[in-house]
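**Student:** Here it is, the structure in full.
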């Protein structure tokens with residue numbers, strides 16, 4: 001079963017009276033491109049977070065956010081950073097002497113912008129017990145994230161199956177045109193040669209003509225292309241049902257090979273009906289290629 005590179009997972013728990021939130025989301029990317037945003041208290045654990053998630057998420061443009069929120073407004077009131085009153089009074093007096101033209105309100109606003117007047121406390125290191133809670137929240141977010149990827153992958157697989165069925169059906173439509181196609185080409189060439197022989201009064205070497213005609217008609221034969229295209233379709237289905245890393249890249253390569261065979265069918269088609277069928281097959285394959293980019 002394939003997985004989509006598009007995913008979303010979120011987990012919440014309590015940590016020291018606050019709400020701990022872990023959020024993971026991703027879009028498609030050729031490689032692993034991870035962006036990690038952490039609360040100041042967790043910044044020392046960024047490498048551990050990257051290592052933990054990199055092994056499980058494989059690839060994609062992944063955004064990870066781990067932060068805390070106050071549970072209530074009352075609790076939030078206790079989290080305000082206090083004003084350093086001594087520094088505030090000192091700087092205010094300095095401004096009164098240096099800038100007498102300013103009002104007290106203007107001086108107060110200027111003082112409050114000074115870094116030593118309002119200074120946040122340095123974040124405390126995360127204890128082993130606290131980090132264990134964070135790890136559990138990350139694991140829960142990853143679980144939801146992967147479940148989302150599996151769900152999206154099932155939708156992609158259903159779409160791929162429909163498109164492959166449609167290509168197979170169109171390939172079967174080619175066969176009725178193929179049966180009489182070679183004989184019509186043969187008769188058209190013979191008619192042209194007979195006319196040329198009449199005009200030039202030249203006898204055509206029938207043995208040589210037969211050899212050249214066989215060679216020409218073999219170049220227009222599409223049997224091998226049909227066999228290879230059917231094999232590629234079969235391999236695409238088997239790859240979707242399999243497991244392992246790099247499934248999306250492998251499906252992309254198979255789709256490229258399918259495109260080569262369809263293009264060759266088009267180049268060998270000398271009937272408008274067959275060319276219309278080939279155009280329809282190309283359109284279906286392009287839809288597959290667009291969505292293969294989203295497969296993990």
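**Student:** Taking residue 12 as meeting all but one of (1) without any contact (Cβ under 8 Å) to a residue 40 or more places away in the chain; (2) in contact with a strand residue (DSSP E or B) (Cβ under 6 Å, 6 or more places away or on another chain); (3) farther than 30 Å from residue 292 by Cα, write down the number of the exception.
**Tutor:** Against the list (1) without any contact (Cβ under 8 Å) to a residue 40 or more places away in the chain; (2) in contact with a strand residue (DSSP E or B) (Cβ under 6 Å, 6 or more places away or on another chain); (3) farther than 30 Å from residue 292 by Cα, residue 12 comes up short only on (1).
**Student:** Right, something else. All but one of (1) out of contact with any strand residue (DSSP E or B) (no Cβ under 9 Å at 6 or more places or on another chain); (2) without any contact (Cβ under 8 Å) to a residue 12 or more places away in the chain hold for residue 249; which doesn't?
**Tutor:** Looking at each condition in turn, residue 249 falls short on (1).
**Student:** Every residue in segment 261-274 that is surrounded by 14 or more Cβ atoms within 10 Å (Cβ to Cβ) and part of a helix (DSSP H, G or I), please.
**Tutor:** Our first condition is that a residue be surrounded by 14 or more Cβ atoms within 10 Å (Cβ to Cβ); within segment 261-274, this holds for 261-266, 268-269, 271, 274.
Those that are surrounded by 14 or more Cβ atoms within 10 Å (Cβ to Cβ) and part of a helix (DSSP H, G or I): 261, 262, 263, 264, 265, 266, 268, 274.
**Student:** Quick one: which residue in 271, 287, 291, 275 is farther than 29 Å from residue 59 by Cβ, in contact (Cβ under 8 Å) with a residue 40 or more places away in the chain and outside the structural domain of residue 27 (by TED's automatic domain parsing)? Break it down stepwise before answering.
**Tutor:** Working: 287 fails: farther than 29 Å from residue 59 by Cβ; 291 fails: farther than 29 Å from residue 59 by Cβ; 275 fails: in contact (Cβ under 8 Å) with a residue 40 or more places away in the chain.
Among 271, 287, 291, 275, only 271 is farther than 29 Å from residue 59 by Cβ, in contact (Cβ under 8 Å) with a residue 40 or more places away in the chain and outside the structural domain of residue 27 (by TED's automatic domain parsing).
**Student:** Does residue 43 satisfy the condition of being surrounded by fewer than 18 Cβ atoms within 10 Å (Cβ to Cβ), at pLDDT below 90 and more than 18 Å from residue 248 (Cβ to Cβ)? Spell out how you get there, then give the answer.
**Tutor:** Details: surrounded by fewer than 18 Cβ atoms within 10 Å (Cβ to Cβ): yes; at pLDDT below 90: yes; more than 18 Å from residue 248 (Cβ to Cβ): yes.
It is true that residue 43 is surrounded by fewer than 18 Cβ atoms within 10 Å (Cβ to Cβ), at pLDDT below 90 and more than 18 Å from residue 248 (Cβ to Cβ).
The values are calculated or read from the model by the stated rules, or taken from the named source; none is laboratory data. Keep in mind the model is a prediction, meaning the values are calculated, not measured. Using ideal geometry, Cβ is built from the backbone for each residue, glycine included, and neighbour counts are taken over all protein chains shown.
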